[in-house]
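The values are calculated or read from the model by the stated rules, or taken from the named source; none is laboratory data. Everything numeric in this text was worked out from a predicted model, so none of it was measured. Cβ placement follows ideal geometry from the backbone for every residue including glycine, while neighbour counts extend to all protein chains displayed.
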Amino acid sequence: MFVKKLPALLLSLFAISCSANEVDIEKAIEAKLGVKVESVTKAGYLGLYEVYADGHIFYTDEKVTAMLVGGDLVRSQQAVNLVDLKNNRNVTAERLRKLTAIKFTDLPLEQAIKQVRGNGKRVLATFEDPNCGYCKRLAKDLLKLENVTIYTFLYPILSEDSVKKSKQIWCSADRVRAWGDWIIDGKAPGGRDNCDTTAVTRNQEYGRRLNITGTPTIIFADGERVPGAVPLNVLEQKLNQQK
């Protein structure tokens, strides 16, 4: 059972006499918080409205007199979770998976390192920084997958050294081997980093547009994105759901 103690946040709902316009809520939130609101929908619980902005979900009443938020909306990765206790469902988590989904066919796959194992029918994509410890952990589990195609987007966000290593790997004659040598065996990439590395730059720009703030980030064929190095059994379960 995943239900945990909810954040100790106080929500004061005020009496209202008419239904709110979702456009009005959007404008009010943008004016109060200075963030771009992507969507406003009825949450279906307690008369609340779900507001999705800057990669976060939070909740407000229809007059925008109070809000449920987790930490700082813009800078914090904390989140308030709306939980359906009757069905034991984390409603917020489900909605975030839907709202942050990425259509797999929209990914710029030509900017990724492509690895094919077996028949390659199962597919996934990852955004990874070469100096990310969790990426190195994930790489060991990815080695155990069979009949899979893996698209690795070099996404250096941790340091200038990450940028240099990403460019060196991209400039290698055998990118798959260079990536594996480093991320699994710790053999630093050598050679030049001054070939056409616009793919790395574009990955950085693309990832920022998608609000990918950490590595690794995994994207499955159904569009679901998962942050972090998930266990091998979870990878297998998701990949086996592909048709």
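What about residue 199, is it out of contact with any strand residue (DSSP E or B) (no Cβ under 8 Å at 6 or more places or on another chain) and not β-branched (Val, Ile, Thr)? So residue 199 fails the test. Taking the listed residues 158, 142, 109, 124, the one that is within 30 Å of residue 190 (Cβ to Cβ), of a type in the set (A, V, I, L, M), out of contact with any Asp or Glu (no Cβ under 9 Å at 6 or more places or on another chain) and surrounded by fewer than 18 Cβ atoms within 10 Å (Cβ to Cβ) is 109, with no other qualifying. Given 184, 212, 218, which one is surrounded by 19 or more Cβ atoms within 10 Å (Cβ to Cβ) and over 23 Å from residue 37 (Cα atoms)? Residue meeting the stated conditions: 218. Taken as a whole, the condition of being within 19 Å of residue 221 (Cβ to Cβ), of a type in the set (Ser, Thr, Tyr) and within 20 Å of the chain's Cα centre (by Cα) applies to residue 105. Among the numbered conditions (1) farther than 30 Å from residue 37 by Cα; (2) surrounded by 14 or more Cβ atoms within 10 Å (Cβ to Cβ); (3) among the aliphatic types (A, V, I, L, M), the only one that residue 173 does not meet is (2). Within the stretch 130-180, if we keep just the residues that are aliphatic (A, V, I, L, M) and outside any helix (DSSP H, G or I), the residue that is nearest to residue 192 (Cα to Cα) turns out to be 173.
Checking each residue in the stretch 113-122 for being under 18 Å from residue 234 (Cα atoms) and in a strand (DSSP E or B) picks out only 122.
Here is the figure for the stretch 50-66: residues that are touching a helix residue (DSSP H, G or I) at 6+ places or on another chain (Cβ under 7 Å) and under 18 Å from residue 89 (Cα atoms) total 2. Going through (1) at pLDDT 95 or above; (2) crowded, with 16+ Cβ neighbours inside 10 Å; (3) of a type in the set (Val, Ile, Thr) one by one, residue 226 falls short only on (1). Taken over the stretch 202-227, the criterion of being hydroxyl-bearing (Ser, Thr, Tyr) and either in a loop (DSSP other than H, G, I, E, B) or without any contact (Cβ under 8 Å) to a residue 24 or more places away in the chain (or both) is satisfied by 213, 215.
Condition check ((1) out of contact with any Pro (no Cβ under 7 Å at 6 or more places or on another chain); (2) assigned to a helix (DSSP H, G or I); (3) within 26 Å of residue 145 (Cβ to Cβ)) across all residues:
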position	(1), (2), (3)
87	yes, no, no
95	yes, yes, no
101	yes, no, yes
124	yes, no, yes
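The set of residues from the stretch 43-53 being in a loop (DSSP other than H, G, I, E, B) and either in contact with a Gly (Cβ under 8 Å, 6 or more places away or on another chain) or closer than 17 Å to residue 23 by Cα (or both) comprises 43, 47, 48.
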